[in-house]
Amino acid sequence: MDPFFREADSVATVNARMAEDVDPRLATVLTSLVTHLHAFAKEVQLTQDEWGTAIDFLTRTGQLCSAERQEFILLSDILGFSMLVDAINHRRPPGATENTVLGPFHVAGAPIRKMGENICLDGLGEPCRFHGSVLDVDGRAIPGACVDVWSDNAEGYYDVQQPDIQPKWNNRGRFFTGEDGRYDFIGIRPTPYPIPDDGPVGALLRRLGRHPYRPAHMHFIVSAPGYQPVVTHTFVNGDEYLDSDAVFGVKESLIAHYHEATGDDIRWRSAFDFVMVPMQETD
């Protein structure tokens with residue numbers, strides 16, 4: 001192999017520098033990355049000014065990252081890359097509940113609540129009863145499943161975004177199913193909200209003519225011994241952003257129906273069953 005760099009042989013020259021005793025998985029990933037990255041630059045005939053702009057964009061993206069904000073994850077989200085990686089790693093048989101992105105606002109250790117309890121602590125928003133079953137792929141109830149839930153408040157903010165305004169653990173809770181596999185709790189009908197768009201990722205969205213909004217959704221992590229955990233949302237049917245979610249998180253099977261209740265002080269009801277796959281089962 002010619003050791004000197006030439007445009008036509010750029011991929012082979014760079015990849016040839018890798019030592020033979022490199023971790024095999026690292027070698028596979030980096031070899032492919034170099035191959036596709038060089039092909040991209042050649043395909044679009046990338047200019048020096050464009051590459052300089054990209055370096056500046058990535059620098060500003062990194063400078064905005066902190067313990068409270070991860071702008072690189074946001075960039076991955078709006079490019080659909082987070083959803084792609086999630087899909088590759090959570091292939092499930094037909095009928096099983098699909099995954100979607102975790103999002104940045106999950107907090108471990110939410111209070112364990114009794115079935116039927118209200119997780120809305122600030123009293124704002126339109127009350128909604130969420131209920132359904134946790135089942136295996138054969139339709140059998142799964143007892144002892146943990147249903148970990150969280151959502152934004154009526155103004156589109158999570159409690160961790162407003163620690164001085166919202167009560168701690170507002171719109172959060174964990175529920176454990178009984179022998180019947182049922183879950184039941186009261187929250188609020190969630191509202192759409194924008195992802196943080198005051199940084200380089202937001203600027204990129206505007207340059208692309210895209211909005212920053214996510215459709216209204218309730219977050220769930222459903223876990224049970226012996227089963228693959230399900231990290232997902234249920235989305236409000238009819239939401240104006242279902243077809244244009246800024247992070248591509250919507251899947252048709254996750255759109256839940258919200259029905260107006262009659263003769264009840266709880267205005268809305270949303271039923272959704274979660275179907276789990278055994279831990280050892282793969283696609």
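Computed quantities for the displayed model
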{"quantity": "Test item: Cα-centred dipole of the chain, Lys/Arg +1 and Asp/Glu -1 on Cβ, debye", "calculated": "280"}
{"quantity": "Cα coordinate range in the chain, projected on the principal axes (Å, largest first)", "calculated": "78, 42, 31"}
{"quantity": "For the range 92-276, with +1 on Lys and Arg beta carbons and -1 on Asp and Glu, the positive-most of 176, 238, 262 along the dipole", "calculated": "176"}
{"quantity": "For residue 242, net neighbour charge (Lys/Arg +1, Asp/Glu -1) across residues whose Cβ lies under 11 Å away", "calculated": "-3"}
{"quantity": "Sorted by Cβ neighbour density within 10 Å, fewest at the top, the residues 274, 130, 4", "calculated": "4, 274, 130"}
{"quantity": "Sequence of 219, 259, 90 once ranked by neighbouring C-beta atoms within 10 Å, starting from the fewest", "calculated": "259, 90, 219"}
{"quantity": "Cβ-based net charge around residue 179, under 15 Å, with every Lys or Arg adding one and every Asp or Glu removing one", "calculated": "-1"}
{"quantity": "Distance in nm between pseudo-label sites at residue 17 and residue 56 (7 Å out along the Cβ direction from Cα)", "calculated": "2.7"}
{"quantity": "Lys, Arg +1 and Asp, Glu -1 on Cβ, resulting dipole of the range 228-270 about Cα centre, debye, nearest 20", "calculated": "180"}
{"quantity": "Percent of beta bridges antiparallel (DSSP, the chain, rounded to nearest 5)", "calculated": "75"}
{"quantity": "Longest site-free stretch - the chain; sites: GluC sites (Glu not before Pro), DSSP loop, at most 15 other Cβ within 10 Å", "calculated": "180-239"}
{"quantity": "Options 151, 205, 120, ranked by Cα towards positive dipole end of the range 110-224, top entry (Cβ charges)", "calculated": "205"}
{"quantity": "Contact order normalised by residue count of the chain, Cα under 8 Å, 6+ apart, percent", "calculated": "21"}
{"quantity": "Per-residue Cβ neighbour rank within 10 angstrom, fewest leading, 136, 245, 264", "calculated": "264, 136, 245"}
{"quantity": "Projected-area average for the range 1-76 over all orientations - Cα convex hull basis, square nanometres", "calculated": "7.1"}
{"quantity": "For the range 236-242, Karplus couplings with θ = phi - 60° (6.51, -1.76, 1.60), whole Hz, Gly/Pro x", "calculated": "6, 4, x, 4, 5, 9, 4"}
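Rule-based calculations on the coordinates, nothing more; no lab input. Nothing here was measured: the structure is a model prediction, and the numbers come from that model. Here the Cβ is made from the backbone with ideal geometry for all residues, glycine too, and neighbour counts use every protein chain on show.
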